[in-house]
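The block underneath contains the structure these notes are about, expressed in structure tokens.
Read-outs throughout are calculated quantities, based only on the coordinates presented, and are distinct from any laboratory measurement. Since the structure is predicted, the reported quantities are computational estimates derived from the model, not experimental observations. Backbone-built Cβ (ideal geometry, glycine too); neighbour counts: all protein chains shown.
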Amino acid sequence: MPPIRARSLLARLLSSVPLILASGIARADDLAPPPWRFQTGSTVQHWEFSTPNLGPPDGLPFFNPNGTPFFSFIDPGNTLWLPSAGSRNGIWQISNIAGHSNQLWFDVPNYNMPELEKIYYVQLTWLSPIPTLVFGASVNVGGTIFPLSVVSNQSLPEGWFHTVLSVRLPGCPDRERLIVEMLAQHQGETALIDQVVFDTLCVPEPSGLAFAGLGAAAWIAARRRSRRVPCALSVEPELVKKS
Ligand SMILES: [Ca+2]
């Protein structure tokens with residue numbers, strides 16, 4: 001959970017933004033990459049928000065053989081892009097204002113493997129004065145929303161936080177939209193988001209794995225039986241002779 005000191009730090013950062021513009025350096029908060037990154041059926045994309053423009057990923061690592069992912073939406077009515085904040089570069093500041101969206105959208109082309117399932121694994125770097133997690137994420141697949149669950153949350157220097165979220169989708173569609181959303185509960189509250197990194201992986205569904213396991217066991221048993229049969233046949237003449 002963010003400590004209260006984050007509130008004063010955020011206030012200092014926001015009040016001193018004009019003085020610290022362009023003073024920071026980009027940080028790569030790809031702190032907890034999934035062990036399956038770059039495996040067959042995976043993708044990874046990273047936005048550092050180095051410019052105020054929507055568009056394709058502007059950070060590394062990046063791997064998506066299905067096309068170009070696209071940062072496609074942020075509400076200009078309640079957001080402000082900051083060149084830097086503290087030691088970090090390229091920040092979106094989001095304020096919770098009635099009538100405006102707190103969401104960022106990332107449209108992702110992906111593998112068309114409907115018989116499989118998809119793991120979504122998201123890393124967020126953020127700062128908020130609110131002493132609780134204020135950013136969530138979900139995946140929109142054809143209008144159906146799948147919320148991600150928090151896997152871990154760790155403190156970073158200067159009051160920032162790094163949060164990992166994940167979900168397993170029932171299916172592996174050829175495209176979906178990741179939605180990152182500020183979950184502020186009170187009007188006027190403001191938070192910052194520095195980076196979004198997310199990985200996807202198409203995997204067999206658990207029941208499919210179990211079925212595959214049963215199939216493998218049956219295959220092994222059949223192989224053992226098939227090996228015993230010639231052996232038995234070879235012994236049989238001996239038995240016949242002795243009888
Ligand atoms: Ca950034």
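By the count of neighbouring beta-carbon atoms within 10 Å, fewest first, Trp160, Trp36, Trp105, Trp92 end up ordered Trp36, Trp105, Trp92, Trp160. Peptides 134-142, 77-85, 191-199, ordered by how many other C-beta atoms sit within 10 Å of their residues on average, highest first, read 191-199, 134-142, 77-85.
Give me the number: length gained by fully extending His186 to Asn66, i.e. 0.36 nm times residue separation minus the C-alpha to C-alpha distance, one decimal in nm. Display every interim value, and only then the final one.
Working: separation 120, 0.36 × 120 = 43.20 nm, distance 3.96 nm.
Using 0.36 nm per residue and subtracting the Cα-Cα distance, I get 39.2 nm.
Neighbours of Phe146 by Cβ distance under 12 Å: Lys/Arg scored +1, Asp/Glu scored -1, total +1. The local environment of Leu60, defined by Cβ-Cβ distances under 11 Å, has a net charge of -3 under the rule Lys, Arg +1 and Asp, Glu -1.
For region 23-78 and region 130-173, write down the distance between their C-alpha centroids in whole Å. So the two Cα centres are separated by 15 Å.
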